[in-house]
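Below: one structure, written as structure tokens.
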Amino acid sequence: MRLCPQNTESIQIAPDELKNRIREYWNRPETRAPHTSRFGTKSEMVAWKTYLHNEFKDEKLRILDVGTGTGFLSISLAELGHQVVGIDLSEGMISFAKKVADERGLNIDLVVGDAESLDFDNDYFDVVVSRWVLWTLLDPEKAISEWMRVLKPGGRAYEFGVARSEKRDGLCQQIKQNLGFFLIMALERKDPRLIQSSYGKDLNGKGLEKRLPLHYSNTNSNDNEWKFFENQGFVDLTTTLMKEVDMHRKKKGMPLQHKLAWGNYDKIMTYCLSGRKPVRD
């Protein structure tokens, strides 16, 4: 009797397994290193804190930072006097954020948590913030629905992201990227593939990033983020370009090999998408 070969086209990586791969990826020291070493210059942090202060004025708010990563937003907000809780799927990122917070003498509740399933009561926070996180999630719209749930009526959610003013696809960009990878290996003695945002491949050999709806390689995520906010009932939506933040970020410069490999940071714009939870009648 001849058995038919298994049809791998029908085999999928389970969501729990993919989430574990995402967690393991961000826990890897070689993945975290570029992020922890770029915590932000003093002038860049001042620009962020100025923006946040202009948003919240002198109110002292209870704020949730979803996907806190290095703790950049949590620490900036705590230094402005807010009561901050920061969560992240990666134990390694939480450990780094705690170290920085302790060095600055800040009392921040930093815990491991899942952006798509928040362990907080309804109507608990005044504000929810998130920086460069939605593109990493399996179900970003579910995460946004959780933000709506834990916000108090009238509270606001803030999603900080980046948009490129140049495309990163096509033959020309692929040549630039490969040249950048070669120069990184030659000049820095590093394998750039270890710090790419790659969660591996499925059984069909396809990159698992394709399972992430807002991954930067898949779609125009900016339009879809707005749609997801609307779908979950947020009102008074606004998008703001953070020009002061970008001005100070660009002053740091970037080695040529990294501009080729990852895209020129001068061509990236930081923005804030925010929306308000309606007040109940």
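Just the C-alpha atoms of region 18-151: what Rg/Rh do they give, with Rh taken as the Kirkwood radius?
Numbers: Rg = 14.3 Å, Rh = 15.1 Å.
Computed over Cα atoms, the ratio is 0.95.
From the cross-link list 49/98; 243/277; 98/142, which pairs have alpha carbons spaced over 22 Å apart? Can you show the working numbers first?
Values: 49/98 19 Å; 243/277 26 Å; 98/142 27 Å.
Among 49/98; 243/277; 98/142, the Cα-Cα distance tops 22 Å for 243/277; 98/142.
How big is the shadow of the Cα convex hull of region 91-148, averaged over all directions, in nm²?
Working: hull surface 18.6 nm².
About 4.7 nm², averaged over all directions.
Restricting to DSSP loop positions (anything but H, G, I, E, B) with no more than 12 other Cβ atoms inside 10 Å of their own Cβ, which GluC sites (Glu not before Pro) remain in region 15-107?
Details: sites: 17, 24, 30, 44, 55, 59, 79, 91, 103; in loops: 59.
Hits after loop and neighbour filter: 59.
What is the order of 189, 21, fewest Cβ neighbours within 10 Å to most?
On the way: 189 7, 21 15.
Result, fewest neighbours first: 189, 21.
Counting other beta carbons within 10 Å of each Cβ, put 142, 277 in order, fewest first. Please list the in-between numbers first.
Numbers: 142 14, 277 23.
Listed from fewest to most nearby Cβ atoms, that is 142, 277.
No lab work stands behind these numbers, since they all come straight from the coordinates. Note that this is a predicted model, so its numbers are computed, not measured. Every residue, glycine among them, receives a Cβ derived from its backbone with ideal geometry; neighbour counts consider all protein chains shown.
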